[in-house]
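So the structure is just underneath, and the comments pick up after that.
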């Protein structure tokens, strides 16, 4: 019988950055055993379409029981556990392939949105209990991160029982040295936090009932 | 034949505030003729359920050709034209009736989200052309504002051809005197801006193609 | 006998902006009578040295009883009544003459700092009482604004009884349309607020005792 | 002959917090040898007056060659190397002894301000070169941090050749779990950064010429 696998993705650098914490965290956890499952890391291109093709190929190949995609979110200061992916690509900047879609559907004829199927409140609670800042986020944006998140959840409809979600990470301190006034967390903290979030996801088949809302 | 009507809603004060700019703006525009239509203003209670009941009753009664709901968004500095409403009530604070739903659907068995059917890019462009700060927002939160926005779009499925959307407004200056460090805009500016946004909505049956996205 | 005069200065645009609210506000109040004194407006160049030369010449010519300098502060959301000017020029960007001093004294052998001699707490209180957002600011930066503020207070040592101070203003809405996420206030609100602050300054020879501090 | 000593101070918790990163960082570096000097750590009470008495007593006892005071600055995201201390106590909240001075001088008849005598630009440069976010700050506030910083610089006039300064630190991640939306850095990162800043201070008798300014 196959061993349980977690597919953990990160992105290549974009937007003029030399690094991307999401790929570094995924790579750092590659091979790690968490709650009886083994992490399989994958770096995605920061390109509309190609990122999703690579992800769906990896899902088919690794047959994971859980998929967590990671992304970089300059300006955010904590582990942002994303609640919902929306069916729109609207790029403020070009992706790494030079494409800048505006108001295109990720999946034509797909539903307007998908909710993450991970226990987002339990993940926030586990991070906070470990002394790490975390919150539920109500928007993953409209760039390649949301594109991959939406495409992931759409794909998982073909894989009953496989759960999926997305976490946005702050910048690394070295990135914040060049972007004054931006919050950051060091790589080791991010690696620890994502491992905690994965363990919480695997150990909660039903989410906690606690507030994670926003007025606006 | 009936005259064309715009239904424009705002909320009563909440969260300890004595006023709510959204209700004041709606009231100020009551009776105003914009692009051939007459504004009908309505103040909604800041209560889950009741707000939506009042809104749907008003839609039935006034048979508007366009519905725009307004809400207050402390912390935001511009006219936030909302793109999408999600099917979740998750209250960080209690509503004015003392209710604080957590992770409940606005409409059980409703779709995960609805997109606004107003030309949000054209509305942003018109505001900016008038020298007013505006942007597309990717999240209306998970409180009564999103609840009303989602419920509005769900209701409008029964009213083919009637378009709907939501704008979040900053605080009023008088509110910002008590909440240090919060952006604000005066009422007259907000009234002017909402009128401009409504005119743009009425005059664009197809939205502009311009970026209004966010990386995260 | 001479009529009482208020010297009110603003700056020309800088940093790539086409306008500067500080000059517009000063101009709008030129000739206005406030608490028995008449406003004399002056636009200063945004250049180290030249700005101060223009200011001191105007003080000698108009013999004001009170001098208030205004400046633009992108990112701030209220009327920032400055508490203190420091004896350092440290420019992150070049001034309008292409100069970018680093860690130079405004006045060699001058004291490290000067406090405003206007009743800053009374000015904040008057603005808030009028429903306008205001706060005491603990730093006027290290660019031409602080340069003028420091030089003003240094000059006023030669003019016993003449009081001086500085207010930083937010961006105008039209500026905020090009700088997303920046707070703004319309010109009419700024004009009203500066008039209120001036009236409060003229009517309080002793400042109010109320907190205007910051932890950091 | 005496060994060279660095006096490194931090504060006890205040403002309802259970911990204060500044005291933890100082304690963690106690006994550490940096550039030939040994760190002597001291925790100061967060009380006007008492904090300064404890500091001056420690300076007399330990005869340091350099004094660096650390403080907590909720809301800041990097190592904030303070440029200037001003001669005013203006407390928005009460100190730990229940005192809340308003517009009192730290040192009656003292100068309006003192500049740090540490090479603040070199410290920022060293931190950034190590991949840690840092900036010059133009204000240490008006609470106990600025009080200690001002009093320190005033005391050092009696100790020719002894240099002094102040660094504000972000919150710890565990603090940020309870203060949503606040940046944080883990203790290990802060300890590393303060050691780097101290080494830079000790190895630069003359500061670097590089911009560290702010427009406002």
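Counting just the residues of region B:120-142 that are part of a loop (DSSP other than H, G, I, E, B) and within 7 Å of another protein chain (Cβ to nearest Cβ), which one comes out farthest from residue B:70 (Cα to Cα)? Before the answer, list the steps.
Of all residues in region B:120-142, those part of a loop (DSSP other than H, G, I, E, B) come to B:130-133, B:138-142.
The next check asks that each one be within 7 Å of another protein chain (Cβ to nearest Cβ); those that pass are B:131-133, B:138-142.
Numbers: B:131: 20, B:132: 17, B:133: 16, B:138: 16, B:139: 14, B:140: 11, B:141: 13, B:142: 15 Å.
If we take residues in region B:120-142 being part of a loop (DSSP other than H, G, I, E, B) and within 7 Å of another protein chain (Cβ to nearest Cβ), then B:131 is farthest from residue B:70 (Cα to Cα).
Has region A:22-32 got any residue that is at pLDDT 95 or above, within 14 Å of the chain's Cα centre (by Cα) and within 14 Å of chain B (Cβ to nearest Cβ)?
yes
Tell me yes or no: at least one residue of region C:192-205 is within 14 Å of chain D (Cβ to nearest Cβ), within 23 Å of residue B:177 (Cα to Cα), surrounded by fewer than 24 Cβ atoms within 10 Å (Cβ to Cβ) and at pLDDT 95 or above.
First, the residues of region C:192-205 that are within 14 Å of chain D (Cβ to nearest Cβ): C:204.
Among the residues that remain, those that are also within 23 Å of residue B:177 (Cα to Cα) are: C:204.
Going one step further and asking which of them are surrounded by fewer than 24 Cβ atoms within 10 Å (Cβ to Cβ), we end up with C:204.
Then drop every residue that is not at pLDDT 95 or above, which leaves C:204.
Yes, region C:192-205 contains at least one residue that is within 14 Å of chain D (Cβ to nearest Cβ), within 23 Å of residue B:177 (Cα to Cα), surrounded by fewer than 24 Cβ atoms within 10 Å (Cβ to Cβ) and at pLDDT 95 or above.
Conditions (1) under 19 Å from residue B:113 (Cβ atoms); (2) surrounded by fewer than 21 Cβ atoms within 10 Å (Cβ to Cβ), marked per residue:
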{"site": "A:68", "(1), (2)": "no, no"}
{"site": "A:73", "(1), (2)": "no, no"}
{"site": "A:88", "(1), (2)": "yes, no"}
{"site": "A:95", "(1), (2)": "no, no"}
{"site": "A:99", "(1), (2)": "no, yes"}
{"site": "A:111", "(1), (2)": "yes, yes"}
{"site": "A:114", "(1), (2)": "yes, no"}
{"site": "A:121", "(1), (2)": "no, no"}
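Quick grid of which residues meet (1) closer than 28 Å to residue B:129 by Cα; (2) in contact with a helix residue (DSSP H, G or I) (Cβ under 6 Å, 6 or more places away or on another chain):
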| site | (1), (2) |
| --- | --- |
| B:10 | yes, yes |
| B:26 | yes, no |
| B:41 | yes, yes |
| B:50 | no, no |
| B:57 | no, no |
| B:63 | no, no |
| B:70 | yes, yes |
| B:88 | no, no |
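Tell me yes or no: at least one residue of region D:144-157 is within 10 Å of residue D:81 (Cβ to Cβ), crowded, with 22+ Cβ neighbours inside 10 Å and modelled with pLDDT of 95 or more.
Looking through region D:144-157, none of the residues is within 10 Å of residue D:81 (Cβ to Cβ), crowded, with 22+ Cβ neighbours inside 10 Å and modelled with pLDDT of 95 or more.
So, in region C:68-119, exactly how many residues are without any contact (Cβ under 8 Å) to a residue 40 or more places away in the chain, more than 8 Å from chain D (Cβ to nearest Cβ) and touching a strand residue (DSSP E or B) at 6+ places or on another chain (Cβ under 7 Å)?
Qualifying residue count, region C:68-119: 1.
Is it true that residue C:216 is over 30 Å from residue B:212 (Cβ atoms), at pLDDT below 95 and within 14 Å of chain D (Cβ to nearest Cβ)? Please lay out each step first, then the result.
On the way: over 30 Å from residue B:212 (Cβ atoms): yes; at pLDDT below 95: yes; within 14 Å of chain D (Cβ to nearest Cβ): yes.
Answer is yes for this residue.
Out of D:130, D:122, D:201, report the one residue that is touching a strand residue (DSSP E or B) at 6+ places or on another chain (Cβ under 9 Å) and either within 27 Å of residue D:216 (Cβ to Cβ) or touching a residue at least 40 places away in the same chain (Cβ under 8 Å) (or both). Walk me through it before giving the result.
Values: D:130 fails: touching a strand residue (DSSP E or B) at 6+ places or on another chain (Cβ under 9 Å); D:122 fails: touching a strand residue (DSSP E or B) at 6+ places or on another chain (Cβ under 9 Å).
When all the criteria are applied, what remains is D:201.
Of D:16, D:49, which residue is surrounded by 16 or more Cβ atoms within 10 Å (Cβ to Cβ) and under 30 Å from residue D:178 (Cβ atoms)? Steps first, please.
Numbers: D:16 fails: surrounded by 16 or more Cβ atoms within 10 Å (Cβ to Cβ).
Only one candidate qualifies: D:49.
Among C:163, C:209, which is the only one that is within 24 Å of residue D:90 (Cα to Cα), touching a strand residue (DSSP E or B) at 6+ places or on another chain (Cβ under 6 Å) and surrounded by fewer than 22 Cβ atoms within 10 Å (Cβ to Cβ)?
Numbers: C:209 fails: touching a strand residue (DSSP E or B) at 6+ places or on another chain (Cβ under 6 Å).
Among C:163, C:209, only C:163 is within 24 Å of residue D:90 (Cα to Cα), touching a strand residue (DSSP E or B) at 6+ places or on another chain (Cβ under 6 Å) and surrounded by fewer than 22 Cβ atoms within 10 Å (Cβ to Cβ).
Regarding residue C:7, is this residue under 23 Å from residue C:191 (Cβ atoms) and in contact with a strand residue (DSSP E or B) (Cβ under 9 Å, 6 or more places away or on another chain)?
So residue C:7 passes the test.
For region C:156-198, give me the residue count where each residue is over 20 Å from residue C:132 (Cα atoms), assigned to a loop (DSSP other than H, G, I, E, B) and either touching a helix residue (DSSP H, G or I) at 6+ places or on another chain (Cβ under 8 Å) or in contact (Cβ under 8 Å) with a residue 12 or more places away in the chain (or both).
Of the residues in that region, 5 qualify.
The values are calculated or read from the model by the stated rules, or taken from the named source; none is laboratory data. Everything numeric in this text was worked out from a predicted model, so none of it was measured. We place every Cβ from the backbone using ideal geometry, glycine too, and count neighbours over all the protein chains shown.
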